[in-house]
1. With just the Cα atoms defining each centre, how far is segment B:99-124 from segment B:288-303? Give it in Å.
2. Rounded to the nearest 20 debye, what is the charge dipole size of chain B about its Cα centre when +1 sits on each Lys and Arg Cβ and -1 on each Asp and Glu Cβ?
3. Name the trypsin sites (Lys or Arg not before Pro) in segment B:144-216 that are in a loop by DSSP and that have at most 13 other C-beta atoms within 10 Å, would you?
4. Across chain B, where is the longest run that never hits chymotrypsin sites (Phe, Trp or Tyr not before Pro) in a DSSP loop with at most 12 other C-beta atoms within 10 Å?
5. Amide H neighbours of residue A:243 under 5 Å, at least 5 residues apart or on other chains, H built in the peptide plane: list them.
6. Helix-only mean residue ellipticity at 222 nm, chain B, DSSP H runs n ≥ 4 weighted -39,500 (n - 2.57), per residue, nearest 500. What is it?
7. Using helices alone, I'd like the mean residue ellipticity at 222 nm for chain A: each DSSP H run of four-plus residues gives -39500 (n - 2.57), total over residue count, nearest 500.
8. Could you work out, residue by residue across B:368-378, how many beta carbons of other chains sit within 10 Å of that residue's beta carbon, and then give the average as an integer?
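The values are calculated or read from the model by the stated rules, or taken from the named source; none is laboratory data. Quick caveat, the model's predicted, so the values are computed rather than measured. Counting neighbours? That spans all protein chains shown, and the Cβs are built from the backbone with ideal geometry, glycine included. Keep in mind that these areas ignore ligands, DNA and RNA; they rest on the heavy atoms of the full protein, side chains included. Shrake-Rupley method; radii C 1.70, N 1.55, O 1.52, S 1.80 Å.
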Amino acid sequence: MATAVHGPGIITELEPFTPGHRACSGCAEALAVRLAAKAIGNNAIIVNATGCMEVVASPFPYTSWRIPWIHTLFENAAAVASGVEAGLKSMEKKGKTPERNIKVVALAGDGGTSDIGLQALSGALERGHDFVYICLDNEAYMNTGIQRSSATPYGASTTTSPAGKESLGQITWKKNMPAIAVAHDIPYVATACPSYHRDLMKKVAKAVATPGPAYVHILSACPTGWRCPTDDAIKIGRLAVKTGTFPLYEVENGQYKLNLNLTKLEPVGNYLKMQGRFRHLTEDTIKEIQERVTQEYNKLVALASKSGEKASPE
Amino acid sequence: MTKREGLEVSIAVADAAMLSDVDVVSAYPITPQTHIVEHLAELVANGELKAAYIPVESEHSAMSACLGASAIGARTFTATASQGLELMHEVLYVASAMRFPIVMAVANRALSAPISIWGDHSDVMATRDVGWIQIFVENGQEAVDNVICAFRMGEDKRVLLPVMIHLDGFVLTHVIEPIELPDKKDVDRFLPPFKYPLPLDPEKPVTMGAFGQPFIYTEVKWAQEINLEKSKDVILEVWQEFGKAFGRQYSPIEQYQTDGAKVLLLTMGSYSETAMVAVDKMRNDGKEVGLLKLRLWRPFPYEELRESIKSAEILIVLDRAISFGGPGGPVCSEVKAALYGGEKQPKVVGFVGGLGGRDITMSGFEEMINRGIEIARTGSKREFEIYGVRE
């Protein structure tokens, strides 16, 4: 029996994504999907890109999904979702099926989103399909064995950006996917982390309720790839947020809003030092990362203050 | 009463999709497919066609959106050509393996490099093994009729497979031909509404595209192969029904002037029309020459081919694509494989021609047939020859 993640009257007991999947122990991404699924509800169709969450949830003849779910390829989740959404609309308009307001949600990893699936995602956002795209970001191609993606953070050692005498690991800064989504002028963009489960569910629910395209970028710790103890995933997620490495914010119709009022950012070293993928970093590099994180965080603060939206205290 | 009217073939193909009451069109423009999708967009914009038109950002997404639309049970149509067909390559395999009866018109065109917008069959041949039903048409009327037939073939519960209708770029897509568009009510009678057996539906949840481990993958592929093989019976049935309803009858291989023909030429697509004229002339000159027009490319019509070559001594096959470093043309090598070991084995001579829009005239076909006869008798230094190449 799985322990239900719910507080009476606060979190639904609904579990469209069931226990028994094959995710690694300590996987925060599976938790993110579980929470997101609770917020999505039963009246939905899930389109899943190839990746960890597809593989762990659907080894034939088993499935973790109690709601309709389709997986086809790696880079096309947004395009398949476009077809599902347009198909439903067309069939309803023609009276071939009753109007049921079925929600369409695409799930993809950071590689499937920021690398190979970026074009399909951009197309679907630009066309204005009424759907939610959730990027499950664990900062590398974890399913194939921890290869770097454009979402891998600076300094992280992965199997294709290994730290070595001549390299500090990943030498590029993490691609800012939420900003790319915002640039499409879509009605709703948000970042979330399963370490803040109620915030995550609230955002997914909001995304689902938003007419038109919505994008939710969820950072989820991968103990296997981040080289950390399996019981640290939630703690690490919290530190990602509290250090400003992964700020929680929403962009509604272009208006930025920081969700947590962090009066002072925790030092980024606290976050990096918990993870084996950063263990080779020198204090100089950590300082460099700190400067970048502070600078990026301040940009967000500036954008949010322009909108005049107040962040809630943590 | 329907009447024949002068229509551009691309326009007529789009009209055929409209007559078939498609629910979703998802397409990306590429020459020479453009007129088909432009007209569909126009029909949707004018409210003549009640469908969602998804103007996707690539062919990969065009076919991917078709998967999604088909998965919820929408009747889905698209069209592409050449590089577009190659870009959607991996998605084509998914469409057939996941049993989505999408219909796609392919305006056959050469592949880069060098870039060429003109016709040949290189694009088709690269997608030979994707598990789709594939039909070549020779003229505009065949294109129209077979788009309508394609939905009924693909959507039949015994089949549930996607169908490609191949029509030659420009020489077919862009010409104006006398075409008879069937009446909507006749099409409605012929083509029942699409009822996908297990669509994505929250009221009856299914998991589609699960992960196939080694213990099951082989069986899935075997089932797929058997299914495509067996689809031939339904294809024949649909053509028969279509013939009864509309008076035009199609077959996997059409024979032309084959009575007593010792020499047969096999062609596909629009070039068959010129080849017929060449065969007529040679017949008039007293030569025992006939023509086989291969219409059904997948599933390959083995029996019909064996049956149709019974009286022939020489079979000349024209390919409009090269299998580089291989036996020449893909069609010729399949024909050889189909006949090898059979009771009756004519000498099979392979030509490649009509690449990248290079025309083959009536006298060209005559020349090719004569050279084919010569090769059959005295041999050639090569596995195949390229007709009309300047070496």
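1. First find each Cα centre; the distance between them is then 20 Å.
2. 740 debye
3. Filter output for segment B:144-216: B:157, B:158, B:195.
4. Answer - B:1-323.
5. HN-HN under 5 Å from residue A:243: A:266.
6. Values: 13 runs with 160 residues, N = 391.
Estimated from H runs of four or more residues: -13000 deg cm²/dmol.
7. On the way: 10 runs with 109 residues, N = 314.
Helix contribution divided over all residues of chain A: -10500 deg cm²/dmol.
8. Mean partner shielding for this stretch: 0.
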